[in-house]
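Structure first, commentary second.
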Amino acid sequence: MEHIFRRKKWYYYRRRVPLEIRHYYDCETVSTSLKTDSEQLAKQRAAVFNAEVEKIWADLVLGKTTNLQEKLDTAKRIARLHGFSYLTADEVARAETSEIVNRVLAVQNDLKNQSGKVAAILGRQADKAPTLSKSLDRYIRFNEASQFNKSEGQLKKWKNPRKLAVRNFINLHGDLPVTSITRDHILAFREWWLERMHGEGISPESPNKDFTNLRSVLSFIRDDQLLDINLEHMFSRVRFAAAKSKRPPFKPEYIQRTLLNFENLEGLHPEAQLFLFAMADTGSRPSELLGLNASLGDIRLDTDIPYIYIRPEKDKALKTAQSERQIPLVGASLFAFQNLPQGFEHYYRKADQLSANLNSFLRNHDLLPTAEHSIYSLRHSFEDRLTAVEPPEKVQAALMGHKYARPRYGDGPSLEQKKKWLDMICFDV
């Protein structure tokens, strides 16, 4: 490579500065040690450095602009080229003495003639990095395009955890410019969560979600605005360890005697009562059952094998691609949809509301075996009951809406095949 040379045993990179950007420099060439005595390694390092230099120089050639953000980007590149990370003037003033001295020495001969270099190294160019709340707004607007197939409720469910993470951070530290956020802020945020975990009995899942969502917003704005934010260092080892736990299933006899007993469900909305029956023998997720639309053919009671068809719609996404499936109606689920041929109308697409109401009713009437049980335990029970009769893996995956480990060919198990195994485990109504 023509830009490397050897001095004694060490290799160096050297490149002549183009005339059109010479005013940014106090010399005609730039050079740096490649810190190796290996020619092969020197060529590799020089190629990487040269690509960065050419990128910076190309930006400087086009850098005659009045746009404040572009001026800031240019300043950051100039600072990097001279061996400094970009700091605002206030940040330079608060830096270690050795850092301030190094920066002043780097520009002492340029105060009159090289304002671009001075501004870059001493931080005269104002940092227009957005605040955290503004970054969240940009993040949501940008990502809404990929959420187009979600319903209003699903979109809200996607936004809320991200808004909560940012709101929690701002309540503790204020609405900082994102380039002002440091690892110390994140560690203080972690301490705040730790106190809440001890004082309120909160599980590690909540703070870990905040760390994930906060990092996601910062990662987006870093790439969008070309900001110098070291997320790897900032979020290193901040997550809390959490033991993986599986929600306990109901025992089949408990479902039959207790949850499918109308005497125990007196006072509960009729749709919520029948929801228990529907979920017990389909194992479907609440959002899947409450999103069924009979007018689109999602509920079929007029066929030899009655079934429900769980599928996405224009404004309703499924959790995974494998979630799309047809499930035969047998036992308790057939009873439920014979009484709800049009589907769930009161709770249509209101999975969170039904889950909250139903879990509250079951807890208040001592109808849950333990505090860890919830209506979602019915899905785990359905899977365990299937496993007990040992269907083919392909059939079980098709009924649960899980990914099948092997390549998929053809249309998958038929309704007849699925019904054969469901008849073995369905409840007697």
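Some values worked out for this structure:
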| item | result |
| --- | --- |
| Neighbour-limited loop hits for GluC sites (Glu not before Pro), the stretch 239-339 (at most 13 other Cβ within 10 Å; DSSP other than H, G, I, E, B) | Glu263, Glu266, Glu324 |
| With every protein chain in place, the stretch 336-398: carbon and sulfur % of accessible area (1.4 Å) | 46 percent |
| Inter-site label distance for Gln44 and Ala188 at 7 Å from Cα along Cβ, in nm | 4.2 nm |
| Cut-off 20 Å, label 7 Å out along Cα→Cβ of Glu152, residues of the stretch 337-351 by amide N | 344-351 |
| Dipole magnitude of the stretch 208-367 about its Cα centre (Cβ charges: Lys, Arg +1; Asp, Glu -1), debye to nearest 20 | 640 debye |
| Measure of compaction for the stretch 178-235 (Cα Rg per 2.2 N^0.38 Å) | 1.23 |
| Contour excess over end-to-end distance, with Cα ends at Arg22 and Trp10 and 0.36 nm allotted per residue | 1.6 nm |
| Rg/Rh for the stretch 213-257, where both radii come from Cα atoms and Rh is the Kirkwood radius | 1.43 |
| Label point at Asp423 placed 7 Å out along Cα→Cβ; residues across the stretch 275-318 whose backbone nitrogen lies under 13 Å | 305-306 |
| Stretch gain in nm, segment Glu372-Lys209, where the contour uses 0.36 nm per residue and the Cα spacing is subtracted | 56.6 nm |
| Calculated FRET efficiency for the pair Asn293/Glu393, C-beta based, R₀ 30 Å, to 0.05 | 0.50 |
| Theoretical FRET efficiency, 1/(1+(r/R0)^6), r = Cβ-Cβ of Arg237 and His269, R0 45 Å, to 0.05 | 0.45 |
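The values are calculated or read from the model by the stated rules, or taken from the named source; none is laboratory data. These figures come from a predicted structure and were not determined experimentally. Methodologically, a virtual Cβ is constructed for each residue, glycine included, from the backbone with ideal geometry; neighbour enumeration extends over all protein chains shown. With ligands, DNA and RNA removed, areas are computed over all heavy atoms of the protein, side chains included. Shrake-Rupley method; radii C 1.70, N 1.55, O 1.52, S 1.80 Å.
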